[in-house]
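Since the structure comes first, as structure tokens, the remarks are kept for the end.
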Amino acid sequence: LLLLISTLTTQAQTYWDGTADKNFPGEGTEANPYLISTPEQLAGLAVRTNVDKEDFAGKYVKLTADIYLTDFSNPDQDSWKEWEPIAHSLMQWGEDVDYGYFRGHFDGAGHTIYNMYYGKGMNWAADFDPDDLDIDIGDYDFSVMNKALFGNLDGGAIENLTLRNAKMSGVSQALLVHSAAEGSVIRNCHVQGELRATSSSSSGLVHYNDGLIENCSA
């Protein structure tokens with residue numbers, strides 16, 4: 001008789017503190033990719049695409065650990081950190097669109113991003129009534145639109161990634177990618193969560209797709 005005993009150790013998760021770290025090791029090559037291991041570095045990737053306007057064309061980025069974003073166990077919803085997409089597509093009425101683009105290769109390496117959140121104006125503790133979904137975009141403030149983990153995937157690739165327990169609300173939303181242009185690849189990606197959006201084209205995987213989606217689920 002062979003008895004195998006597995007001992008599970010429990011340790012506190014480290015959640016995103018809301019800051020961004022734009023410095024991550026690696027050279028961005030296929031052999032030596034940029035390595036992301038913390039929530040702050042993932043947010044730093046968003047800052048580099050949105051603010052610094054890096055598109056990472058020809059570059060490789062790889063996750064080396066599971067990422068925990070918002071601590072939903074905290075009952076104070078105001079403390080939950082709202083995610084701004086990597087390569088966002090911000091819209092404002094009558095103004096130029098402030099696009100970011102991701103044209104690189106993002107490899108989740110089998111890791112999971114937990115608890116991605118965007119929920120401006122949404123009471124997540126209340127029972128959900130789909131007939132009473134009131135997303136306020138008063139004064140033509142479209143900042144609640146086009147949210148996802150990635151905004152604009154433009155000929156780039158996202159592979160081997162899982163999203164778990166996401167909570168997203170707004171207008172024209174997705175969980176993984178808002179817009180995937182022609183030549184983009186989304187492969188071996190799986191998402192799970194709750195999406196409350198006013199646009200019928202909102203989606204778990206991709207809001208708008210003109211690329212290749214292969215072996216994915218939502």
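The values are calculated or read from the model by the stated rules, or taken from the named source; none is laboratory data. Computed from a predicted structure; not experimentally measured. Virtual Cβ from ideal backbone geometry, glycine too; neighbours counted across all protein chains shown.
A few comments on the model shown:
- For the range 101-130, taking the residues that are at pLDDT 90 or above and among the hydrophobic types (A, V, I, L, M, F, W, C), the one that is nearest to the chain's Cα centre (by Cα) is identified as M116.
- Strands (runs of 3 or more DSSP E) fully within the range 148-196 counting 1 or more residues that are among the basic types (K, R) and closer than 15 Å to L63 by Cβ: 157-170
- Flag if N160 is out of contact with any Leu (no Cβ under 8 Å at 6 or more places or on another chain), under 21 Å from A218 (Cβ atoms) and either at pLDDT 95 or above or of a type in the set (A, V, I, L, M) (or both): yes
- Residue in the range 32-41 that is crowded, with 16+ Cβ neighbours inside 10 Å and of a type in the set (D, E, K, R) present: yes
- Filter result for G28 (on the phi < 0 side of the Ramachandran plot, modelled with pLDDT of 95 or more and surrounded by 14 or more Cβ atoms within 10 Å (Cβ to Cβ)): no
- Of all residue pairs spaced 6 or more apart or on separate chains, those with beta-carbon atoms under 7 Å, a first member in the range 64-81 that is touching a residue at least 40 places away in the same chain (Cβ under 8 Å) and a second member that is crowded, with 19+ Cβ neighbours inside 10 Å and of a type in the set (S, T, N, Q) are Y68/N115; L69/N115; T70/N115; F72/N115; K81/T70.
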